[in-house]
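Take a look at the structure set out below.
The values are calculated or read from the model by the stated rules, or taken from the named source; none is laboratory data. Computed from a predicted model, the values in this text were never measured in an experiment. All Cβ positions, glycine included, derive from the backbone under ideal geometry; neighbour counts span all protein chains shown. For the accessible areas, the whole protein counts, side chains as well, though only heavy atoms, and no ligand, DNA or RNA atoms are used. Shrake-Rupley method; radii C 1.70, N 1.55, O 1.52, S 1.80 Å.
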Amino acid sequence: MASSKTITVEVDDVSYTDDVEPRLLLVQYLRERLGKTGTLIGCDTTNCGACTVHLDGVSVKSCTMLAVQADGHKVTTIEGMATDGLLAPLQEAFHQCHALQCGFCTPGMIMQSASLLTENPHPNEQEIRDGLEGNLCRCTGYQNIVAAVKSVADGTVYGDSGVSTTVDDAETAGVS
Amino acid sequence: MIPSAFDYAAPTTVEEALGLLAAADSAGDDVKVLAGGQSLLPVMKLRMADPSMVVDLGRITGLSGVTDDGDSLTIGAMTPHHVVASDPLIARHLPLLAKAAATVADPQVRHRGTFGGALVHADPAGDMPAPVLAMGATLVIAGPNGERSVDAADFFQGYFTTAVREGEILTRIRVPKFTGWGAHYEKFTRVSQQWSIVGIAAMVRVEGGTIAEARLGLTNMASTPLRATAVEQALAGAALTAEAIAAACLHAAEGTEPASDLNGDAEYRRHLAQVLAKRAVLAAAGL
């Protein structure tokens, strides 16, 4: 039996210390140990991007990383994007541009879009599409996703839609 | 999908890592070295690999980064693909490497996956081995008896097999500068983030209206990356015209032994190699 390891990870600005099996994937740690079910498991094979989170500010697929590899690092999930109860600009843009249908790919799309805009604040449409190549939407809704990201890159400021960011509301919105 | 259980160690120095590998080996452990994990972890999740011990190089400082050594650049084995794709020194002196790295998988994988990890993994469909071969890089391997250097031409030995032996670690890759060369990496995939069905790494040095020198590496045209030497010879001294390039690239499949699989049979890959070589050289030459 492999011995467990103690890890300390900062997730969405809160520090957690836990004993984990080395084989525990980061996405499982986030969902099953921390209850952060906003990060989804889609394909579980590094293809779909639904599990995308930020590790020290850059996007990674949390199904393709061990929790022990995150020891000492800072993880941001979709649940850490809103501040003071207000949606982050990308979240608001996805909402206002109807950049989702079933919503399953949305957390990963937003996390990858945020990473893209950090690296390239003013991407053109092709750069947005290239930047999202590791995220699959099976509702075929890419058009509005690209439009939402472009609108944020272009500086569109959306008003507060009034969408609450509490966990309960997030669950009723179908992203649990 | 969850990997089989394994013991995990995260050394902070190369020496410590080598000691762990030696100890694991003598204890009869089946040990795997973890770099960025973008190939190893999927394989472990599918239980195509079930090591009893994993040694993670992610906490060793000094294995990542790019340094200028005058007539060459040295790239740490743990340098992530996204750094190789965006580093200003690499963009200036090794444009082929930057362009190939920018096509690996997708942005998330490029953030985690490492240059050295991809080379040691040696997937015939992986994008980094062919440029490394085409540029005549030298790979530095650390082992129990110190360091040794291996030419790229001797490094790739077969399917998923390199000159890195049990108990050894690839630490850095030294690449001679190709400042001023035109470069392009052209790959053909079924889905954008998937492995290359065929890929062509092309570099040309243009003088006046002539191609003075050319170097081409082929991805997924054999169990290892190959040099397209017949194309290189045909291009050397050729006129800088689309016709001359197209004629030279008809030699792209010579000496290759491509596999047949669900993505295409060997004949299809030979045809692709010619077409993609032409596109790659045209782009590298700025035509």
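How large, in percent, is the carbon and sulfur part of the accessible surface of the stretch A:5-80 at a probe radius of 1.4 Å?
That share works out to 43 percent.
Per DSSP H run of n ≥ 4, the term is -39500 (n - 2.57); total these for chain A, divide by its residue number, and report the mean residue ellipticity at 222 nm rounded to 500 deg cm²/dmol.
-7500 deg cm²/dmol
With an 8 Å Cα cut-off and a minimum separation of 6 or more residues, compute the relative contact order for chain B in percent.
15 percent
Run the simple label-point estimate for B:MET1 and A:GLU10 please: 7 Å along Cα→C-beta, distance reported in nm.
3.4 nm
Rg and Dmax in Å for the protein assembly as shown, alpha carbons only: what are they?
23.0, 70
Compute the normalised compactness of the stretch A:5-80: alpha-carbon radius of gyration over 2.2 N^0.38 Å, N being the residue count.
Relative to the 2.2 N^0.38 Å estimate, the stretch A:5-80 comes out at 0.95.
Strictly over 31 Å apart at the Cα level, which of A:LYS61/B:LYS32; A:LYS150/B:LYS177; A:LYS36/B:LYS187; A:LYS61/B:LYS187; A:LYS5/A:LYS150; A:LYS5/B:LYS45 would you flag in this model?
Too far apart for the 31 Å limit: A:LYS150/B:LYS177; A:LYS36/B:LYS187; A:LYS5/A:LYS150.
Which trypsin sites (Lys or Arg not before Pro) does the stretch B:1-102 hold that lie in a coil by DSSP with at most 14 other beta carbons within 10 Å?
Sites meeting the loop and neighbour criteria: B:ARG47.
Rounded to the nearest 10 Å², what accessible area does B:SER192 show when all protein chains are kept and the probe is 1.4 Å?
It works out to around 60 Å².
Which whole-Hz ³J(HN,Hα) couplings does the stretch B:268-283 yield from phi under the Karplus relation 6.51 cos²θ - 1.76 cosθ + 1.60, θ = phi - 60°, glycine and proline marked x?
Here the 3J(HN,Hα) series is 4, 5, 5, 5, 4, 4, 5, 5, 6, 4, 4, 4, 5, 5, 4, 5 Hz.
Using only protein heavy atoms and a 1.4 angstrom probe, determine the accessible area buried between B and A, summed over both sides, in Å² to the nearest 100.
The B and A chains share an interface burying roughly 2600 Å².
Whole number in Å², please: accessible area per residue of the protein assembly as shown, 1.4 Å probe, ligands, DNA and RNA not counted.
On a per-residue basis, 41 Å².
Identify the trypsin sites (Lys or Arg not before Pro) of the stretch B:153-197 meeting these criteria: DSSP loop state and at most 16 other C-beta atoms within 10 Å of the C-beta.
Here the sparse-neighbourhood loop sites are B:ARG165, B:ARG190.
Ignoring ligands, DNA and RNA, please state the percent of accessible area on chain B from carbon and sulfur, probe 1.4 Å.
51 percent
Using only Cα atoms, find the angle between the long axis of helix B:14-26 and the longest principal axis of chain B, and express it within 0 to 90 degrees, rounded to the nearest 10.
70 degrees
Once a ≥ b ≥ c are taken as the square roots of the eigenvalues of the Cα gyration tensor of the stretch B:1-92, is the result rounded (a/c under 1.5), prolate (a/b larger than b/c) or oblate (a/b not larger than b/c)?
It is oblate, given that a/c is not under 1.5 and a/b is not larger than b/c.
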